[in-house]
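Scroll down for the structure; my scribbles are underneath it.
The values are calculated or read from the model by the stated rules, or taken from the named source; none is laboratory data. Just so it is clear, the model here is predicted, and its values are computed rather than measured. Note: ideal-geometry Cβ built from the backbone for every residue, glycine included; neighbour counts use all protein chains shown. Accessible surface areas use protein heavy atoms only, side chains included; no ligands, DNA or RNA. Shrake-Rupley method; radii C 1.70, N 1.55, O 1.52, S 1.80 Å.
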Amino acid sequence: EPSTDLDGNPRVDDPAVANSGAGTRLYDDRGVFEKQPPLASSLTTSPITDTYGQTITLSATLTRASNGVGLNNKTINFTLNGAAACSGTTDSNGIATCSAALTVNVGTYASGVGASFAGDGVYGPSNATAQLVVNPKHITGSFTAADKVYNGTTAATVLTRNLTGKLIGDTVELTGGTATFADKNIGLDKVVTLTGALLGGADAGNYMLDSVATAAADITVLHVTGSFTASDK
């Protein structure tokens, strides 16, 4: 029994297969070729900087560690901050891409982008990580204001509050602030401004409030009664 196969590769004892041969070695493969250990592979992935809630493209490149030749038609699994994101298949250059929603909380994660190749018997497994930077999502607010009877002040009362641009399912709301009319005088559809409003809720840290639209409300006349005194004559 020669110590190498027809291609000159050495004999290999596969620990996953029970030895059942006879002769010089008990583990030689049947036939003229010896199954070799999986070839080493190398995986690299790209860092991501994007906005919370956006759809992003993840990318990774798989190569043979020995000579850098790309490996095609291999499945690459991606994670974002440890959670499964999506999977892609390598092309002829060993590049795999896929798209996923960036729902990771705002922050900088040194190894937030993960890519992994499980191996396939011919090539061994490999993994890679890269930095993930998630920036806040910009949103806008709006509100409605109550009509009031003239009282000599510009104070206004907020009826409802809304946010435009937040993701469905997120807990974030418009809170606080002071509502005021443009002036104290009576009028219809007078401009009301809300200043000092903030974002609240469990997911507020993933958003940035850009602006709050003005509202309109009426100041109606204050009805009064008069009295007088008369002199005797």
(message) Please give me, ordered by residue number, the chymotrypsin sites (Phe, Trp or Tyr not before Pro) of the range 124-233 that lie in loop per DSSP and have at most 11 other Cβ atoms within 10 Å.
(response) 228
(message) Please compute the per residue accessible area over the chain with all protein chains in place, 1.4 Å probe, rounded to a whole number of Å².
(response) 59
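Could you please tell me the mean projected area of the C-alpha convex hull for the chain, averaged over all directions and given in square nanometres to one decimal?
Answer in nm², one decimal: 20.6.
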(request) Could you tally up the Lys pairs in the chain with alpha carbons closer than 26 Å? Skip any pair fewer than 8 positions apart unless they're on separate chains. (result) 4
(request) Quick one: pull the percent of accessible area on the chain belonging to carbon and sulfur, 1.4 Å probe, ligands and nucleic acids left out. (result) 51
